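Report on one structure; see the data block that follows.
Only the coordinates and a few stated rules stand behind these numbers; no lab work does. No experiment lies behind these values; they were computed from the predicted model shown. Cβ: placed from backbone, ideal geometry, glycine included. Neighbour counts: every protein chain shown.
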């Protein structure tokens, strides 16, 4: 049995888990869970509580280490966000959240200046105002940006803190809209055109590369740190037990819904640009052709608003209410920019409906069924766009992550898309994180072999279209 530690940082919570790889399956044990939230500082910046996140990760590693010495440890996280370091590898910047509004003006200015075609030609990345390209452009006048020696994505920021090694993993780097998706290298001509500092970009490494060893943390010292597919969606896709990936798609369902396929090659055609599809890098030299759809963020933000009004609703309770309101059929566009900001989500949905001349939801059940059915409709549209651009016909959709546990959403997705839906694994990101580590350590001969073990490690449900 080979033991590994997986650190998975999501946009609202984190987990530190032990993965035990045997010849029959991969066993997961989550040793530590924690929640975290963005906050607004006195200057109006929307930030992550980086000290708290780091402290919770260290606590989780300690809990894992109490159960035995691992072969290695690897970290994955959400995309696009970063930190700036000085020459002594000290963090000197705020760690901004992608939900910080500073990028809106930067996005408009830079896209107007460079043109979508030039940006998309080499990067193949979906245009979202919060991509790292626009975050760095918005930060150009900040003192920390001017003084920085290095910029690192979130997993690499933690790797540097643990090991002192400075390097950037390609799957998360590909989300920046600053990487050449064909060469898997930084797009320095684009970086220069954008007026960004070329000297703060580090060397790149692939999933499975050895980073270094933890040092300076007492009992944790000596643990080997390797790179997984450090973008959490890249790890999630590595954890899918595909039958035939040429006819199968996936939806990584969480705060965001990432809808896509796995491919050998990127697609950066005019048709792909028109559909605003993204080409992000994956494990084992793969490419994830996908689109970001605002996901369970919509419902979570509604819950947060209702909680502030002294009404506590769980997801199962809301889904139960939704099942009693199936006749309510108003739809919203989950990707409408008004839904990206935090706060007052029920009011935003109401305003959208009024503006579009459709019936706004009033009850908790109506809000929930509106959101779930709108997500299913967005999935259908995105799958159709991917099929049109890649000339593939999708017959099965794998739904991963926490959203896969919502049976009503799974059935609505099968109905809307007209194909079979298979659930799980719920912990696909942790499975994929462990799979890449196991491949790096020689505990499995290939990613396909690791996926076969994952397929034996959980129970999947199937939903057929009505």
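So the values come out like this:
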quantity	calculated
Segments 293-301, 152-160 sorted - mean Cβ within 10 Å per residue, highest first	152-160, 293-301
Extension gain from residue 182 to residue 311, taking 0.36 nm per residue of separation minus the Cα-Cα distance	41.5 nm
Rg and Dmax [Cα atoms of the stretch 334-381; Å; Rg one decimal, Dmax integer]	10.6, 27
Spread of Cα-to-Cα distances over 10 Å intervals beginning at zero, given as percent, for the stretch 354-466	13, 32, 31, 17, 5, 1
The stretch 182-241 shape via C-alpha gyration tensor axes, a/c threshold 1.5	oblate
Euclidean distance of C-alpha centroids, the stretch 1-75 and the stretch 314-372, integer Å	32 Å
Radius of gyration and maximum dimension Dmax of the stretch 242-424, Cα, Å	16.7, 50
Quotient of C-alpha Rg and 2.2 N^0.38 Å, computed over the chain	0.93
